[in-house]
1. Residue by residue through region 205-230, note down the ones that are part of a helix (DSSP H, G or I) and buried (at least 17 other Cβ atoms within 10 Å of the Cβ).
2. Take region 437-462 and flag every residue that is hydroxyl-bearing (Ser, Thr, Tyr) and surrounded by 12 or more Cβ atoms within 10 Å (Cβ to Cβ).
3. Looking at (1) touching an Asp or Glu at 6+ places or on another chain (Cβ under 9 Å); (2) at pLDDT 95 or above, which is the one condition that is false for Lys67?
4. In the list Ser28, Ser11, which residue meets the criterion of being among the hydroxyl-bearing types (Ser, Thr, Tyr) and either part of a loop (DSSP other than H, G, I, E, B) or open to solvent by 10 Å² or more (accessible area, probe 1.4 Å) (or both)?
5. Being open to solvent by 70 Å² or more (accessible area, probe 1.4 Å), within 16 Å of the ligand (Cβ to nearest atom) and either modelled with pLDDT of 95 or more or not β-branched (Val, Ile, Thr) (or both) is the requirement here; does Lys502 meet it?
6. Considering each residue of region 307-326, count those that are closer than 30 Å to Val463 by Cα and either open to solvent by less than 20 Å² (accessible area, probe 1.4 Å) or away from the ligand (no atom under 16 Å from the Cβ) (or both), and give that number.
7. Any residue that is open to solvent by less than 50 Å² (accessible area, probe 1.4 Å) and part of a loop (DSSP other than H, G, I, E, B) - is there at least one of those in region 95-105?
Amino acid sequence: MDKVYVLDFGSQYTQLIARKVRELGVFSEILPYDIPISRLREKDPAAVLLSGGPQSVYGKNAPQISKKIFDLGVPVLGICYGLQLMSHILGGNVVPSKRREYGSAFLKVVNRKGLLSGIRDAGQVWMSHGDKVKEVPAGFVITGTTRNCKTAVIEDRERRFFGVQFHPEVIHTEQGKKVLANFLFDLTGLKPTWNMGSFIEKKTREIRNIVGRKKVLCGLSGGVDSLVTSLLIHRAIKNNLYCVFVDNGLLRKGQYQELMDKLRKKFFLNVVGVDAADRFLNRLKRVTSPERKRKIIGEEFIRIFEEESKKIGHVELLAQGTIYPDVIESNPVKGPSSKIKSHHNVGGLPEDFNFKIIEPLRELFKDEVRRLAEELGMEKDFIMQHPFPGPGLAVRIVGEVTNERLRIIRDADDILLQEIRRARVYNKLWQAFTVLLPVRSVGVMGDRRTYQKVCVLRLVQSVDGMTAGWYPADTKLLSRISNRIVNEVAGINRVVYDITTKPPGTIEWE
Ligand code: XMP
């Protein structure tokens, strides 16, 4: 199998490069920029991509690579910082730009062969850079320019080194996928033979190698990610996988029982159910800080997994359904982004726990996980279910979590889901849920004054959870939901609609 590696210099788009390459049917993985060249050579890359990054090549701690990378004999494509670094190393001249270029620009094609074969003139490209290449290294020619950047595309076709100043991996670059396809297929000579089936084969082998004869515990959250994780691991090590599904009291109405039946009867997984609702609620008493809630819940999950693993005996590994958006939002290693939330299956874990973690979906985006789920035989309805956060309803109750508030939000959430399913809107949305605010407002019901809580409806559309737009719902639908919630859920007398995009908001309220 041909493999393409992306060396990560800290750009927030690095994963998108790997994902776009995979979408094109070529296996691709990310490696840290400072991987020793000998290790990279052992991995037998068919091509190497150098990602963007927030630094200047002249910066004090600017990430560097060895010149030997250009002796591997494989094609290299540098993107943004990757292009600048390549130029710098190979003897070109990189200078600070007078004007930082951020946002869209329009590409003028100077030479429509090689990287820009079949690319239309004046197409939009997405730029994000301070420095630029003033003089290209010997052997390179400029094949594309923009108004502010003469060296938007440079190529040395003889040695098969290429560079683009813009980001071909983001959707704002209209013909970006074609540029990547030209690099992979025309210039590197690869064939699009990789698919989710090959991913399953590769991961199964990898899991067998990592796990050997050890026992693995997998915590199920009720969502697709952790179930896909279990099915993959189950495929690799069969009954050495032990699944634990915890009723933390923070699940949706009916979610626990429904899923428990499915796990046992449909997927034949070895599942232990743990009723721990009181335990979580006790730990959450008087806690109002969102980050504290996440940490407590993450920690409590681990304590339960530890207890269950003692019962099973000799469990060394804990599997988690962490996917890529969870990783970057919790754990930015470098780059310009900062910590946003501790997602429980990443950043909310206690420091003193006794498992090694395996996360086979760590490099995938949600839509890739869904394709994987399909390949593993899950039904469409289950696959298309909305993501549900690990800390569950606790991050949808602003303020303290109590039994009464859980009852209220569960009932409101159930009504919302019934109505959007009935209106055939469910599958158009990334998520739809209710949020309970600790704010009370005055209302009037049947001539009586009420003073009750406010419920927020959050309906969002998104491709990968990284950005999201609020859904312009039909007013009749909103009105039906609002009427039903106020009439049927004791404790709520006002319903409001959240019209905040992400960014600047996040999808969940906490
Ligand atoms: P935010 O609220 O950060 O959420 O915009 C992005 C996506 O991630 C989900 N989410 C989580 N998933 N554990 C999870 O497994 C978590 O702690 C967690 N927090 C948020 C959220 O529902 C949305 O789809």
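The values are calculated or read from the model by the stated rules, or taken from the named source; none is laboratory data. Here the structure is a predicted model, which means the values were calculated and not measured. Methodologically, a virtual Cβ is constructed for each residue, glycine included, from the backbone with ideal geometry; neighbour enumeration extends over all protein chains shown. In case anyone asks, the SASA skips ligands and DNA or RNA and just uses the protein heavy atoms, side chains included. Shrake-Rupley method; radii C 1.70, N 1.55, O 1.52, S 1.80 Å.
1. Of the residues in region 205-230, the ones part of a helix (DSSP H, G or I) are 205-211, 224-230.
Hits for region 205-230 are Ile207, Val211, Val224, Asp225, Ser226, Leu227, Val228, Thr229, Ser230.
2. Just the residues of region 437-462 that are hydroxyl-bearing (Ser, Thr, Tyr), to begin with: 441, 450-451, 462.
Within region 437-462, Ser441, Thr450, Ser462 qualify.
3. Of everything listed in (1) touching an Asp or Glu at 6+ places or on another chain (Cβ under 9 Å); (2) at pLDDT 95 or above, Lys67 misses just condition (1).
4. Numbers: Ser28 fails: either part of a loop (DSSP other than H, G, I, E, B) or open to solvent by 10 Å² or more (accessible area, probe 1.4 Å) (or both).
Step by step, each of Ser28, Ser11 is checked, and only Ser11 is among the hydroxyl-bearing types (Ser, Thr, Tyr) and either part of a loop (DSSP other than H, G, I, E, B) or open to solvent by 10 Å² or more (accessible area, probe 1.4 Å) (or both).
5. Working: open to solvent by 70 Å² or more (accessible area, probe 1.4 Å): no; within 16 Å of the ligand (Cβ to nearest atom): yes; either modelled with pLDDT of 95 or more or not β-branched (Val, Ile, Thr) (or both): yes.
Spelling it out, it is not the case that Lys502 is open to solvent by 70 Å² or more (accessible area, probe 1.4 Å), within 16 Å of the ligand (Cβ to nearest atom) and either modelled with pLDDT of 95 or more or not β-branched (Val, Ile, Thr) (or both).
6. Residues in region 307-326 being closer than 30 Å to Val463 by Cα and either open to solvent by less than 20 Å² (accessible area, probe 1.4 Å) or away from the ligand (no atom under 16 Å from the Cβ) (or both): 7 in total.
7. In the first step, residues of region 95-105 are kept if they are open to solvent by less than 50 Å² (accessible area, probe 1.4 Å); the result is 95, 97, 101, 103, 105.
Remaining after also requiring part of a loop (DSSP other than H, G, I, E, B): none.
No, every residue in region 95-105 fails to be open to solvent by less than 50 Å² (accessible area, probe 1.4 Å) and part of a loop (DSSP other than H, G, I, E, B).
Table: residues versus (1) outside any helix (DSSP H, G or I); (2) open to solvent by 20 Å² or more (accessible area, probe 1.4 Å); (3) at positive phi; (4) within 16 Å of the ligand (Cβ to nearest atom).
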{"residue": "Glu404", "(1), (2), (3), (4)": "no, yes, no, no"}
{"residue": "Glu419", "(1), (2), (3), (4)": "no, no, no, no"}
{"residue": "Val435", "(1), (2), (3), (4)": "yes, no, no, yes"}
{"residue": "Val486", "(1), (2), (3), (4)": "no, yes, no, no"}
